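In what follows, a structure is listed as structure tokens, so that the remarks can point back to it.
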Amino acid sequence: MDKFKILIVDDENDFRETIIKRLRARKIDIEGADCGPKALEMVDAQDFDVIVLDVKMPGMDGIETLRQIKLKKPLVEVIMLTGHASVESGIQGMQLGAFDYVMKPVALDDLMDKLRQAYERRVIQLEYNK
Amino acid sequence: MEKKSHTSPLLNLFHDLGGNLAVYGTALGLVILAVPLGLRAGPMYALAAGLLAALSLVTVGRVLRQKDTALRQKELSDEQLLQSQKLASIGELSAGIAHEINNPLAIIRQEAEWLLQLYKKDSPPDAQETQSGLAEIVNQVDRAREITHNLLNFARRSQPVVQGVELNRIILDMTSLVEKAAQQKNINLVKRLAPDLPLIESDAPLLRQVILNLLNNAIQATGKGGTITVVSEAADHRQVMVQVNDTGVGIPKEHLSQIFDPFFTTKPQGKGTGLGLSICHGIIERLGGKIIVTSVEGQGSSFVIRLPQALDRRGR
């Protein structure tokens, strides 16, 4: 697989660190952020290909973070993580340009699949915008 | 019209000749026939006949040119009609926007004036009163922001990104997002997905948005104990079909033709922007497909989407 760079944003430390550990074991370049503002800082500083973003976070929630990310870097693909199915946030996220939704608990292979598709989309987008 | 006026009359005649050979041929034949016939009767007759024939040639030319002009004018007025129809729909759209934005503005103004009033008094105003006023202002700004945001999305015509899309997978993902909401209303969510559905070339996030929107609408329309059925099927002409059917309240006949219009909503003010289905319609058209609705009031609605299996790599 091509080398691509992922950021995972989730306030649940255990969940975030486990995902990072497991994806790094698969030789994937992944970083973590524990809140929206931190994620935005990192997006400013580095170029991520795909961002996995928890919908429900204290302070700045996932939808607001998504909005801000898309303002900064419109071509970054974002996969939303949701603990419980929330239709409202689903529709909002899609309208704001999220690539997909993944429900927790998530099977790693499932997430990998979606990451790959999101990355493929980003590559196509970057080609269009050359 | 302008193009013609630049060319010489001679060229003009040649151009006409090409287009109307039969008419000019007859007129020219008359000239050729008239002169020798006239010569038999005498040179004066020949001259008169020749003149007459030439006159007929000129007249034919003029009539034909007038016909052409009339045709072009008709084309022009057709174009103008289209333009004015476009303008009318823009007018409708702006009326909708104005209405939707004016309401929050009115509330904001009232609250702000009330706060000003409070601060005019000598004693410091009641903290709770001030707070609730400010909170309402924030609320209304959010409402207006949502409207403008939706509009921007509506206007944004970014190219669809074409990838291989597993439609059934998208349907399953989106139904799992609404499953909980359906359970809460005790709605039966039935999936009848064709197992051999071909992979299609389309834009996955856009399709997710459409299907989620339709599912959400179906849940809102369906009462407790109702059923929502999602169907996927391969269709003819290398197309695939997705259906979202519900046993909900249905759509009155008089609303059916407006259902995809921007800002058309039957929800109470502030509850819906009336953009959901018009966005869906726009997306499906961009993906080269069609979305249609059938509904019987009191029995339920059915939204049918047809999508091509293959799309230009660059979308449309």
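Coordinate-derived values only; no laboratory data. Here the structure is a predicted model, which means the values were calculated and not measured. All Cβ positions, even for glycine, are placed from backbone atoms using ideal geometry, and neighbour counts span all protein chains on display.
Remarks
- Proximal lysines relative to residue A:3, as straight alpha-carbon distance under 24 Å, when same-chain residues fewer than 8 apart are discounted: A:21, A:27, A:38, A:70, A:72, A:73, A:114, A:130
- Segment B:163-308: relative contact order in percent, alpha carbon pairs under 8 Å with at least 6 residues between: 24
- The order of B:257, A:89, going from fewest to most other C-beta atoms within 10 Å of their C-beta, is B:257, A:89.
- This model, with +1 at the C-beta of Lys and Arg and -1 at the C-beta of Asp and Glu, gives the protein assembly as shown a dipole about its Cα centre of some 1660 debye.
- Hydrodynamic radius (Kirkwood) for segment A:77-118, which is based on Cα pairs only, to one decimal in Å: 10.5
- Rounded if a/c under 1.5, otherwise prolate or oblate - the protein assembly as shown, Cα gyration tensor axes: prolate
- Volume per residue of the C-alpha convex hull in segment B:164-218, rounded to whole Å³: 68
- Point-to-point label distance, residue B:123-residue B:292, nm (Cα→Cβ direction, 7 Å offset): 7.0
- Span from the segment B:109-135 Cα centroid across to the segment B:172-208 one, whole angstrom: 49
- Prolate/oblate/rounded label for segment B:190-275 (Cα gyration tensor, a/c 1.5): prolate
- Extreme residue, positive dipole direction of chain A, given options A:78, A:18, A:55 (C-beta unit charges): A:78
- Fewest-first ranking of B:202, B:302, B:232, B:132, using other Cβ atoms within 10 Å as the exposure measure: B:132, B:302, B:232, B:202
- Convex hull per residue volume in Å³, alpha carbons only, for segment B:102-155: 56
- Note on residue B:169 and residue A:27: the model spin-label points, each 7 Å out from Cα along the C-beta direction, lie 2.2 nm apart.
- For the pair residue B:113 and residue A:64, a Förster radius of 41 Å applied to the C-beta separation gives a FRET efficiency near 0.85, rounded to the nearest 0.05.
- Cα Rg over Rh - chain A, Kirkwood: 0.92
- Packing-based exposure ordering (other Cβ within 10 Å, fewest first) of A:94, B:241, B:44, A:112: B:44, A:112, B:241, A:94
- Which of B:96, B:184, A:93, positive extreme of dipole for the protein assembly as shown (C-beta unit charges): B:96
- The dipole here belongs to chain A: it is taken about the Cα centre, uses +1 on the Cβ of Lys and Arg and -1 on the Cβ of Asp and Glu, and is about 360 debye.
- Difference of contour (0.36 nm per residue) and Cα-Cα distance, residue B:194 to residue B:139: 15.3 nm
- Positive-end residue, the protein assembly as shown charge dipole about Cα centroid, Cβ charges, pick of B:127, B:223, B:139: B:223
- Only Cα pairs under 8 Å and 6+ residues apart enter the sum, and on that basis the relative contact order of segment A:5-128 stands at 22 percent.
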